[in-house]
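What follows is a single structure, written as structure tokens, with notes after it.
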Amino acid sequence: MAQAFVNSKMQPAKVVVFIKPTCPYCRRTQELLSQLPFKEGLLEFVDITTTSDTNEIQDYLQHLRGAKTVPQFFISKESIGGCTELVTMHEKGELFTCLK
């Protein structure tokens, strides 16, 4: 169920970020990405706490990326990383290029 849920969110040319709303790193990621000019429907924040499968989702994310922590940032089906990687890309000027 968790695998199907996560995979259903990842689509070509779409940015998906799996989050928990109480996490400060998730909020930082949301703030940063919300400042960028995404076309309608190409950015989605998925609150994994709204399902009863939160632990299973994090287990599957660990399988995909090697980490259970959130946020987890994907472009299409490619794992980009978490908040640290996102902020680093932004500071180096690589984030906008990566998102094109």
Legend entry - Cβ-based exposure ranking for Cys23, Cys83, Cys98, in which fewest neighbours within 10 Å come first: Cys98, Cys23, Cys83
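Counting Lys and Arg as +1 and Asp and Glu as -1, what is the net charge of the other residues whose Cβ lies under 11 Å from the Cβ of Val16?
For residues surrounding Val16, the net value is +1.
For a quick check: sort Phe73, Phe45, Phe18, Phe96 by the number of other beta carbons within 10 angstrom, fewest at the front.
Result, fewest neighbours first: Phe96, Phe45, Phe73, Phe18.
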Legend entry - Translational diffusion coefficient (Stokes-Einstein; Kirkwood radius from C-alpha pairs) of the chain at 25 °C, 0.890 mPa s, in µm²/s: 181
Legend entry - In Å, descending, principal axis extents of the Cα set of segment 59-100: 31, 19, 11
Legend entry - Free-standing Cys residues across the chain, given no other cysteine C-beta under 4.7 angstrom: Cys83, Cys98
Inset, instruction - Divide, for segment 28-84, the radius of gyration over alpha carbons by 2.2 N^0.38 Å, where N is the residue count. - result: 1.17
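Computed from the coordinates by the stated procedures, all read-outs in this text should not be read as laboratory data. Please read all numbers here as calculations on a predicted model, not as lab measurements. Every residue, glycine among them, receives a Cβ derived from its backbone with ideal geometry; neighbour counts consider all protein chains shown.
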